[in-house]
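Notes follow once the structure below has been shown.
Just so it is clear, none of the values below were taken in a lab; they were calculated from the coordinates. What you are looking at is a predicted structure, and each value in this text was computed from that prediction instead of being measured. Here the Cβ is made from the backbone with ideal geometry for all residues, glycine too, and neighbour counts use every protein chain on show.
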Amino acid sequence: MSIDFDELLENPQRGNIRYIHPGEDKDTIAKMISALANSAGGTLLFGIYDDGCKLHVKGNAFDIPKMQDLVKILNGFDRFNIMETKVKDKSILQIDVQQKVLGVKCHNILYTFYSEYHNRMQEIKPVKIFISYNHLVSELADIVEENINKTYGPKVLISRDTQLQYRDNIDKFMETIKENDVIISLISDSYLKSEACMYEIIELMRDPEYHQRLAFIISSECDLKLFHNQPARDNLVPKIYGAQRFDYIKYWTSKLEDYIERLNELQAHYTSTLELNGAIRRIGKISDGVGEFLDFLNKTMGQDFSTMLQNDFIEINKMINQSLDD
């Protein structure tokens with residue numbers, strides 16, 4: 001990076017140019033390189049002191065760090081240059097760092113600068129993302145996960161239905177989901193008929209704290225081409241528009257009535273009734289909330305999966321970027 005030092009001393013730039021005096025050890029230098037690479041890239045200038053108003057050329061008297069040592073600490077990242085230059089007859093060490101969108105770790109930690117005005121650094125906490133889906137569309141979930149990982153790398157941490165134990169303890173399961181910053185739901189016909197999926201999403205919809213963290217992708221017929229093993233159209237495409245959406249209300253009402261009938265038949269079997277009571281409680285919540293949920297989906301007119309894929313999941317990326325900024 002070519003720098004006009006006369007102009008820089010007259011009009012100091014901050015943010016992408018960092019001033020360090022006195023020097024730092026190689027671990028701290030590596031952290032600074034990580035922090036610049038994880039933002040927009042920039043330059044480290046050793047031997048210039050920034051008092052917050054003016055820049056003062058002091059000169060760098062410390063040993064020049066070895067490139068190979070820094071690369072090792074930075075897990076192989078080598079998109080930076082180290083050079084010496086003279087400013088007002090004093091030696092200045094300049095390290096130019098390129099941006100890496102997927103992130104650069106120092107000792108396996110992502111760093112960023114806390115502020116544009118000082119060099120204190122902090123760890124970047126990865127955005128936690130949960131993908132909620134029915135096994136029928138697991139191939140679509142694979143595409144979502146691959147796309148997000150390709151865009152954000154270690155800046156995100158993705159978990160999926162298959163990695164959480166729903167049957168063990170549903171309350172702990174829900175708390176685990178709520179630890180996530182973004183929750184992506186892949187809506188299909190089979191999803192809207194799944195007890196696990198519907199209980200998850202309706203419980204989350206009831207909580208205003210998590211409502212804004214939810215992103216919905218609606219499956220459509222044009223998504224069939226994305227499958228290696230195509231599911232039946234009727235199992236994939238949800239009927240959430242128009243009068244057909246009331247079929248799901250009927251489905252869950254009928255399911256609730258069926259479970260209540262079974263409970264009445266098994267009153268003498270204590271263990272069985274305990275399990276049935278738990279199921280009735282969950283299905284009752286689904287039955288109570290499914291109408292409002294379908295109305296929400298109907299009004300939002302969510303994009304189909306293929307359209308969102310074509311647009312590189314821009315709306316979901318906005319949510320992730322917001323979480324990173326927070």
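Near the amide H of Glu24, within less than 5 Å, lie no amide hydrogens of residues on another chain or at least 5 residues away, with H placed in the peptide plane. Phi-derived couplings, Karplus 6.51 cos²θ - 1.76 cosθ + 1.60 at θ = phi - 60°, listed residue by residue for region 117-126: 9, 8, 9, 5, 10, 9, 6, 7, 7, x Hz, with x used for Gly and Pro.
A simple charge model with +1 on the Cβ of Lys and Arg, -1 on the Cβ of Asp and Glu and nothing else charged puts the dipole of region 5-123 at about 220 debye relative to its Cα centre. To test your reading of the geometry: what angle, between 0 and 90 degrees and rounded to tens, separates the Cα axis of helix 246-265 from the longest principal axis of the chain? Relative to the chain, helix 246-265 is tipped by roughly 60 degrees. Our coupling estimate for region 315-323, obtained by passing each phi through the Karplus curve with A = 6.51, B = -1.76, C = 1.60 and θ = phi - 60°, is 5, 5, 4, 4, 5, 5, 4, 5, 5 Hz, Gly and Pro reported as x. Against the chain, whose longest principal axis comes from its Cα atoms, helix 26-37 is set at around 60 degrees. For Lys54, a cut-off of 20 angstrom between C-alpha atoms picks up these lysines, skipping any fewer than 8 places away in its own chain: Lys86, Lys88, Lys90. With 0.36 nm allotted per residue and the present C-alpha distance subtracted, the His211-Lys26 stretch has 62.2 nm of extension available.
Determine, from the Cβ-Cβ distance of Ser2 and His228 and an R0 of 51 Å, the FRET efficiency 1/(1 + (r/R0)^6), rounded to the nearest 0.05.
0.50
Residues whose amide H lies under 5 Å from that of Cys106, counting only those 5 or more places away or on a different chain, are Tyr111; hydrogens are built 1.01 Å from N in the peptide plane.
With R₀ set to 30 Å, the beta-carbon distance separating Lys178 from Asp325 gives a calculated FRET efficiency near 0.90. Split the chain at each of the GluC sites (Glu not before Pro) in a DSSP loop with at most 13 other beta carbon atoms within 10 Å, and the longest piece is 180-326. Given the pairs Lys178/Lys285; Lys193/Lys225; Lys100/Lys178; Lys178/Lys255; Lys193/Lys239; Lys31/Lys128, which span a C-alpha to C-alpha distance of over 20 angstrom in this model? Going by Cα-Cα distance, Lys193/Lys225; Lys100/Lys178; Lys178/Lys255; Lys31/Lys128 fall outside the 20 Å limit. Panel order for Lys150, Lys58, Lys155, by other beta carbons found within 10 Å of each beta carbon, from fewest to most: Lys150, Lys58, Lys155. So how tilted is helix 270-300 from the main axis of the chain? Cα-based, degrees 0 to 90, rounded to 10. Compared with the principal axis, the helix lies near 70 degrees. If the chain linking Leu9 and Gln99 were pulled fully straight, counting 0.36 nm for each residue of separation and taking away their Cα-Cα distance, it would gain 29.9 nm. Full extension of the chain between Glu221 and Glu123 yields a length gain of 31.0 nm, computed as 0.36 nm times the residue separation minus the alpha carbon distance.
Dividing the summed helix terms, -39500 (n - 2.57) for each DSSP H run of n ≥ 4, by the number of residues in the chain produces a 222 nm estimate of -13000 deg cm²/dmol to the nearest 500. Across region 135-141, computed HN-Hα scalar couplings (Karplus, 6.51 cos²θ - 1.76 cosθ + 1.60, θ = phi - 60°) run 4, 4, 10, 4, 5, 5, 4 Hz from first to last residue, x flagging Gly and Pro.
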